[in-house]
């Protein structure tokens, strides 16, 4: 857990990463949220290792429908499904960002995510979620998310072992 001291529209506030983790954990579409903020050395940035709930995207339902229609799933379908997952997480990220901005009265708050692991059944989606409490370029936030997600993928994530 890390704690930040910030100045918002009403004065100085303290935000700790456990509070934000609890907010993320209240979402029915996020499972197993782990605070990994103390593993990065970035000022005013919190990072979480997350898993999307299994029932959000269930490829078995889709496979059954296609089987009934007598069609096979080709590789292009998985690309479309992956883009659907990214779009879903983008919408969730925008909702969380707006909620946190309202809650903390902090306009420079930005959120971003990066998917780092999907199992072959498309039911287990792991991603990093970044919450930034400072003015930052989206490219820098994107790069940070990619670096942390790559680190999680190659084994730093003990949470899902």
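Here, each number is a calculation from the coordinates, and none is a lab measurement. Keep in mind it's a predicted model, so treat the numbers as computed, not measured. Counting neighbours? That spans all protein chains shown, and the Cβs are built from the backbone with ideal geometry, glycine included.
Descriptive notes on the structure:
- The value of relative contact order for the chain, using C-alpha pairs under 8 Å at least six residues apart, is 22 percent.
- Annotation: extensible slack from residue 151 through residue 101 equals 15.2 nm (criterion: 0.36 nm per residue apart, minus Cα-Cα distance).
- Potential lengthening between residue 142 and residue 13 on full extension [0.36 nm per residue; Cα-Cα distance subtracted]: 43.8 nm
- Helix 138-151 vs. the chain, principal-axis angle (Cα, 0 to 90°, nearest 10): 60
- Only helices enter the 222 nm calculation for the chain: every DSSP H run of n ≥ 4 contributes -39,500 (n - 2.57), and dividing by all residues gives -13000 deg cm²/dmol, rounded to 500.
- Pairwise label distance in nanometres, residue 86 with residue 123, each label 7 Å out on the Cα-Cβ vector: 2.6
- Cβ crowding within 10 Å averaged over residues, with 109-115, 26-32 ranked highest first: 109-115, 26-32
- Counting only alpha carbon atoms, the long axis of helix 59-69 and the longest principal axis of the chain meet at about 30°.
- Region 1-37 and region 84-161: distance between their alpha carbon centers, rounded to Å: 13
- Additional length obtainable on full extension of the chain from residue 134 to residue 41, 0.36 nm per residue less Cα span: 32.0 nm
- Percent of C-alpha pairs per 5 Å bin in region 3-156, short distances first: 2, 8, 18, 21, 18, 12, 8, 6, 4, 2, 1, 0, 0.
- For region 77-151, the Rg and Dmax computed from alpha carbons only, in angstrom: 13.5, 41
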